[in-house]
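Asker: Sharing a structure below in structure tokens format, with a few things to ask.
The values are calculated or read from the model by the stated rules, or taken from the named source; none is laboratory data. Remember, it's a predicted structure, so these values are computed and weren't measured experimentally. Note that we place each Cβ from the backbone using ideal geometry, even for glycine, and neighbour counts take in every protein chain shown.
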Amino acid sequence: MAQTPADSSLYLGQLLDWVVREHPLAKTARLEPELASSNLQAARGQFDPVVTWQQFSKDLSGKQYYNGQQWSIQGYTRWAIGYETGFEQMTGDATNPAQATPDAGFYYHGISLPLLRNLSTDYRRTAYQKAQLLNRASIWEQRQQINELLADVSRDYIAWTQAHMQRIQAEKALELSLNRLQAMRELFSHGACNALDTMEVYAQYAFYNSKFEETSYKETAGRYWISRHLWDGDQPVVLKPEIVPDPNHMGALDPWCVQIRSFTDSDSSWIDQTPAFHLAQYKINSKELEANLWSNQRLPDVNLKYQWLQNQWPSLPTTLYDDQNQRFGLYVQSPLFVREAQGKMERARLEQDQLEWAWMQKRRDLLAKQQALWEGVQRNKKAFEWQYDQAKSLGVLYEGELEKFKAGDVQFFVLNTRESRFIQGSLQQWDAWAQMRQTQVDYLFHTGLFHSLP
């Protein structure tokens, strides 16, 4: 496995850049527009002209019944009109007069036009329009996948940072309690303190040792969780133990949340810039195209076909209309019942209604959750500031009690209480910090704009 560089810290911004550049899911997301473009190219291919060639003959008992060949180039436009050009030659003693041609054959050029069914839309155009919708939606699908990935990575980084900082606090407390335990044992051996004080110091040491083991495990686990996001090409990367997170380089989350808030607070149009909106619209519009297709398929199939004929290629004969060198046909077909098309149309309409109603509720959910998450961002930021001030105040009180204890003015259990409250406050400070950061990530993720974090 590849190793990370020998840097001492890994910032959140560095991590996110790395993930976007190398993570397999990020690479998968970047393929979404290419996949949609390939699908669009395949849909365009339905309008590609087709070349056909045939050679046929029949000889029986020394008599040539017919001998002929045909070739044609046929295709369809995106405006319902079909086109065809080709060559026919049919000779022989028993040739069908309707299919007979001059000995040299003739060329033809013509068009076809549906008059009812397939006039406004058909299978080809519907597939092409849906491919266009998918092509536009692919960018938003890509953004949604990147959005989810970056939010997931950020949450893991916050948990790792929280465990790292709490491990540092627990390690300091453990070292302090160990020194005090050794000192108390020395005093006890000389009869300068009682056994209860020694037992209380030992219990405190055992508690801090347990807290240190717990936070050390969480930090190690957090490093593994971060490592699972790291790749160098097709090689997984493992974070070195000496690499640590840095909580001081996460300040960009604060102004970014405020900037997004100013954008989302003006009106609800911010939803129109989220992946959720565009992907929902893609599904709704796709169903509308299907419904329009099946509505059109209920109509009778009336197809007009016209060709003009000539014995040379590619010049136009001067006597084309005088000699009536043309072919004309009108094809009509209609089922007695249209239950299949009617049923599929109704189903598509109902599914479209379902999607529209679902999006109406989803839109309201987005608005409500955005407001609730913003309140959470504000509340947790204040809670962290309060917890930070409290931990700082407890530290000042502890330092004061420590000086009194050294001067003999304070009993040991009072100092011990101050110290416990100070250590507990320091640990809780990072709980509040993690809660604040997690809420900010949730807010950025919910607004669908995490992918654009600078």
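Asker: If you scan the stretch 57-77, which residues turn out to be closer than 11 Å to Phe87 by Cα and of a type in the set (Ser, Thr, Tyr)?
Answerer: Initially, the stretch 57-77 is screened for residues closer than 11 Å to Phe87 by Cα, giving 68-73.
The answer is Ser72, and nothing else.
Asker: Report, by residue number, each residue of the stretch 128-158 that is under 10 Å from the mean Cα position of the chain (by Cα) and not charged (D, E, K, R).
Answerer: First, pick out the residues of the stretch 128-158 that are under 10 Å from the mean Cα position of the chain (by Cα): 138-149.
Matches in the stretch 128-158: Ser138, Ile139, Trp140, Gln142, Gln144, Gln145, Ile146, Asn147, Leu149.
Asker: Oh, and also: Name the pairs whose Cβ atoms lie under 7 Å apart, with the first residue in the stretch 365-390 and closer than 18 Å to Trp270 by Cα, the second in a helix (DSSP H, G or I) and polar (S, T, N, Q), and 6 or more positions between them or separate chains?
Answerer: Leu367/Ser268; Gln370/Thr264; Leu373/Thr439
Asker: When the stretch 109-147 is examined, which residues are found to be within 30 Å of Leu330 (Cα to Cα), in a helix (DSSP H, G or I) and not β-branched (Val, Ile, Thr)? Reasoning before the result, please.
Answerer: Going through the stretch 109-147, the residues within 30 Å of Leu330 (Cα to Cα) turn out to be 109-129.
Now restrict to residues that are in a helix (DSSP H, G or I): 123-129.
Correct list: Tyr123, Arg124, Arg125, Ala127, Tyr128, Gln129.
Asker: Show me the helices (runs of 4 or more DSSP H) found entirely inside the stretch 1-82 where at least 1 residues are closer than 19 Å to Val238 by Cα. Reasoning before the result, please.
Answerer: On the way: elements: 12-22, 24-30, 32-44.
In the stretch 1-82, the matching helices (runs of 4 or more DSSP H) lie at 12-22, 24-30.
Asker: Filtering the stretch 387-401 down to residues that are surrounded by fewer than 14 Cβ atoms within 10 Å (Cβ to Cβ) and among the small types (Gly, Ala, Ser), which residue is farthest from Trp433 (Cα to Cα)?
Answerer: Gly400
Asker: Still on this structure, please answer the following. Being modelled with pLDDT under 95, within 22 Å of Ala341 (Cβ to Cβ) and surrounded by fewer than 18 Cβ atoms within 10 Å (Cβ to Cβ) narrows it down to one of Ala100, Ala94, Ala80, so name that one. Show your work before the answer.
Answerer: Details: Ala100 fails: within 22 Å of Ala341 (Cβ to Cβ); Ala94 fails: within 22 Å of Ala341 (Cβ to Cβ).
Answer to the selection: Ala80.
Asker: Here is a follow-up. For residues in the stretch 208-242 being closer than 25 Å to Gln424 by Cβ, surrounded by 17 or more Cβ atoms within 10 Å (Cβ to Cβ) and not charged (D, E, K, R), which is farthest from the chain's Cα centre (by Cα)?
Answerer: Tyr208
Asker: Scan the stretch 52-77 residue by residue and report those that are in contact (Cβ under 8 Å) with a residue 12 or more places away in the chain and surrounded by fewer than 11 Cβ atoms within 10 Å (Cβ to Cβ).
Answerer: Residues satisfying the conditions are Trp53, Gln54, Gln55, Phe56, Lys63.
Asker: Which residue out of Gln371, Gln424, Gln428, Gln390 is at pLDDT 80 or above and closer than 27 Å to Ala280 by Cα? I'd like the intermediate steps shown before the answer.
Answerer: Details: Gln424 fails: closer than 27 Å to Ala280 by Cα; Gln428 fails: closer than 27 Å to Ala280 by Cα; Gln390 fails: closer than 27 Å to Ala280 by Cα.
Gln371 is the lone residue from the list that is at pLDDT 80 or above and closer than 27 Å to Ala280 by Cα.
Asker: Taking only the stretch 336-356 into account, find how many residues are surrounded by fewer than 13 Cβ atoms within 10 Å (Cβ to Cβ), of a type in the set (A, V, I, L, M) and either touching a strand residue (DSSP E or B) at 6+ places or on another chain (Cβ under 8 Å) or at pLDDT below 95 (or both).
Answerer: Number satisfying all stated conditions: 1.
Asker: Also: Please determine whether any residue of the stretch 9-24 is aromatic (Phe, Trp, Tyr) and assigned by TED's automatic domain parsing to the domain that holds Phe445. Show your work before the answer.
Answerer: Going residue by residue through the stretch 9-24, those that are aromatic (Phe, Trp, Tyr) are 11, 18.
Keeping just the survivors that are assigned by TED's automatic domain parsing to the domain that holds Phe445 gives 11, 18.
For the stretch 9-24, residues aromatic (Phe, Trp, Tyr) and assigned by TED's automatic domain parsing to the domain that holds Phe445: present.
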